[in-house]
Amino acid sequence: MELTYRRKNIYEEADEAQLSRIEAFAQRYKDFLNYAKTERDAVRLSVAMAERAGYKPYAFGDPLSAGDKRYYNNRGKNLFLFTVGEDDIEKTGIRILAAHIDSPRIDLRPVPLYEKAGGAFFKTHYYGGLKKYQWTAIPLALHGVVTLFDGTVKEIVVGEEASDPVFYISDLLPHLAQKQNERKLSVGIEGEELNIWVGGMPAKKAKKKSEEDDEKGTKDGVKEGVLRILRRKYGIREEDFLTAELTAVPAMPARDVGFDGAYIAAYGHDDKVCAFPALMAQLEYEGKGTTMTVLADKEEIGSEGVTGMQCSLFTDLLDEICAARGKNVRAVRAASECLSADVTSAYDPTFSDAFEKNNAAVCSCGVALMKYTGARGKSGASDASAEFMGKIAARLNAAGVIWQTSELGKVDLGGGGTVAKYIASKNIDTLDVGTPVISMHSPYELISKGDLHHTFLAFRAFLQ
Ligand code: MN
Ligand code: MN
């Protein structure tokens with residue numbers, strides 16, 4: 001009998017058939033990632049996938065009966081998918097997977113456009129916890145919606161097609177960076193320096209102008225040039241930005257990394273690397289139980305607002321399912337279980353100082369179970385019980401899932417949180433389970449394909 005605990009490496013354990021399943025799943029994930037860069041994109045794509053899998057939209061008041069597969073699209077930014085089972089949910093509870101589909105990014109401000117020194121720029125306000133210097137000198141795409149005052153909503157995506165232009169945040173050349181180099185890394189690039197280059201050709205004054213153009217004048221030559229293109233291509237004027245929601249995200253597509261392609265680098269692994277496996281596990285679920293997958297928004301800024309995990313919509317839907325089945329929702333919540341499906345930091349040998357190796361998740365050693373997150377003395381952590389963690393671990397073992405445990409890093413170095421505590425606060429046992437990520441919150445994060453697949457296997461085993 002082996003007395004010593006050792007991590008297993010997925011690639012060491014996998015046979016040829018398993019390796020090809022890992023690769024096939026990774027290909028589908030990359031396709032998902034390349035489209036679903038924002039929460040709106042992720043919801044749009046997930047709804048299409050759900051409908052293909054037989055899920056129908058749910059509206060409050062709709063009758064629900066056993067066997068139903070439904071989805072609730074919350075404002076195009078947050079999605080709930082659920083199956084109504086034949087089980088007695090006061091005893092079996094509801095199995096819940098909760099991942100988030102928002103990622104750190106660079107949002108445009110309400111009055112973004114200005115001209116300076118022959119260039120046109122957008123002012124921005126970053127979203128989520130990011131190292132600002134990493135977002136300079138990379139290709140950026142614009143995603144989002146513009147709502148016109150007449151109620152029309154225009155979807156905008158620029159920078160994803162090879163023929164599209166991209167956008168750009170500049171950094172200072174090293175030759176002139178002596179003063180900048182003395183700044184602390186955290187302010188190497190400051191918030192007010194995250195300005196996006198969006199144009200450089202002045203509008204031609206000789207060009208025949210409409211009355212509207214006359215009113216604006218042509219003093220802002222380049223700004224005017226950009227506004228004319230926006231008008232022509234998207235039918236929007238400068239004031240339409242006031243009510244828009246536009247964001248700059250990295251324009252780079254997901255790519256295999258390494259000679260052996262063991263890893264995937266991409267924007268938005270946090271938390272699509274958990275959201276996609278959760279969605280796939282939910283859509284493949286053919287059991288008789290009651291299950292729910294939540295794809296939440298706003299996790300990166302505290303799960304606030306009407307599309308965040310703290311919104312009452314989550315419990316409203318549980319209430320409706322229970323009412324339809326004639327069950328006491330308090331009993332159902334007490335019996336329910338949730339995996340808070342979110343990423344964790346992977347041990348990075350280059351920055352080994354930040355980790356305590358025995359308790360860090362190691363790439364390719366499986367999906368990570370996090371008993372607690374939080375900062376300092378576990379502040380802000382949900383801290384799952386040993387009983388619940390043991391129960392989940394046993395289920396994963398039975399399904400042949402390779403898993404490990406994880407802590408974010410060394411004690412007192414920092415910390416973080418997930419949606420776990422908001423679900424646990426509803427009297428639902430919740431455990432953080434997710435994929436280890438290298439360079440988390442950077443524009444181009446790294447994960448192991450093996451960990452991705454075992455994240456899916458874990459979620460599938462959990463729902464069964
Ligand atoms: Mn996350
Ligand atoms: Mn995050």
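Here, each number is a calculation from the coordinates, and none is a lab measurement. For clarity, every value in this text was computed on a predicted model and none was experimentally measured. In this analysis, Cβ positions are derived from the backbone assuming ideal geometry, glycine residues included, and neighbour counts consider all displayed protein chains.
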Hey, can you grab everything whose amide H is under 5 Å from the amide H of T405? Only 5+ residues off in sequence or another chain; H modelled, so Pro and N-termini drop out. L369
Helix 269-284: inclination vs the chain longest Cα principal axis, degrees, rounded to 10, gives 50
Provide I138, I101, I428 in ascending order of the number of other Cβ atoms located within 10 Å of each residue's Cβ, fewest first. I138, I428, I101
Taking the Cα atoms of the chain, report the difference between the largest and smallest coordinate on each principal axis, in whole Å and largest first. 82, 55, 44
Under DSSP loop assignment and at most 16 Cβ neighbours within 10 Å, longest GluC sites (Glu not before Pro)-free interval of the chain: 357-464
Residues K204, K449 arranged by fewest to most Cβ contacts within 10 Å: K204, K449
Mean separation of Cα pairs under 8 Å and 6+ residues apart, divided by the residue count of the chain: what relative contact order is that in percent? 22
For a Förster distance of 56 Å, can you work out the FRET efficiency between the beta-carbons of H175 and D62, rounded to the nearest 0.05? 0.30
Suppose we keep just the DSSP beta bridges with both residues in the chain; what percent of those would be antiparallel, to 5? 70
For every other residue with a beta carbon closer than 14 angstrom to the beta carbon of L79, add +1 if it is Lys or Arg and -1 if Asp or Glu, then tell me the sum. +2
According to a simple spin-label model (label point 7 Å from Cα along Cα-to-Cβ), what is the distance in nm between Y234 and E2? 5.4
In region 40-145, what trypsin sites (Lys or Arg not before Pro) fall in a loop by DSSP, with at most 15 other Cβ atoms inside 10 Å? R75, K131
Between R255 and A24, what length in nm is gained on full extension when 0.36 nm per residue of separation is reduced by their alpha carbon distance? 81.7 nm
Stretchable slack from A162 to D319, in nm (0.36 nm times residue separation minus alpha-carbon distance): 51.8 nm
Charge dipole of region 105-250 about the Cα centre (unit charges at C-beta), most positive-ward option of L142, G118, V187: G118
Which length gain, in nm to one decimal place, applies between E304 and R75 when the Cα-Cα distance is subtracted from 0.36 nm times their residue separation? 81.0 nm
